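Q: Quick one: this structure, given as structure tokens, is what I'll be asking you about.
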Amino acid sequence: MARGKELFAGILIVAMVAAVGIRTVVPADALAPAIVTLLFAVAALTAGFALLCRRDRFRIMWFDLAGSLTFIGIVLSVLIEPDQMVRLFAFSDQPE
């Protein structure tokens, strides 16, 4: 299970690098929802890989990683204010 910790750290590092990359594309108000969505997407891919894995020990490790990423996404989603979500979906003709 030692490789699981290394793998989890690697996945988090990749997610952080992707979040820094997203920062240049997404407005500051949409950054937290974009990061949470990224974490949920990575968790879904990890769970999908766990379903394809045939060995039980590795399968449990992949499901644990997916659950951890989902948990982190849920915790970060608490930081999202409702106004940020409204600004994502509301169209405005006013300049920023």
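The values are calculated or read from the model by the stated rules, or taken from the named source; none is laboratory data. On a predicted model such as this, the values are computed, not experimentally measured, just so you know. Note: ideal-geometry Cβ built from the backbone for every residue, glycine included; neighbour counts use all protein chains shown. Keep in mind that these areas ignore ligands, DNA and RNA; they rest on the heavy atoms of the full protein, side chains included. Shrake-Rupley method; radii C 1.70, N 1.55, O 1.52, S 1.80 Å.
Q: Note down, for the chain, the three equivalent ellipsoid semi-axes (square root of 5 times each alpha carbon gyration tensor eigenvalue), biggest first, whole angstrom. Please list the in-between numbers first.
A: Values: eigenvalues 205, 32, 22 Å².
Ellipsoid semi-axes (Å, largest first): 32, 13, 11.
Q: What number comes out for accessible area per residue over the chain if the probe is 1.4 Å? Units Å², please. Numbers along the way, then the final one.
A: Values: 7220 Å² over 96 residues.
Value returned for the chain: 75 Å² of accessible area per residue.
Q: For a quick size check, give me the Cα extents of segment 36-75 along its three principal axes, largest first, whole Å.
A: Principal extents (largest minus smallest coordinate, Cα): 30, 13, 7 Å.
Q: Set the Förster distance to 22 Å, then compute FRET efficiency between Asp83 and Val26 from the Cβ-Cβ distance, nearest 0.05.
A: Numbers: r = 16 Å, r/R0 = 0.73.
The calculated FRET efficiency here is 0.85.
Q: Looking only at Cα atoms, what is the convex hull volume of segment 1-46 per residue, in Å³? Write down the numbers at each step before the final one.
A: Working: hull volume 2.8 nm³, N = 46.
For segment 1-46, the hull spanned by Cα atoms encloses 60 Å³ per residue.
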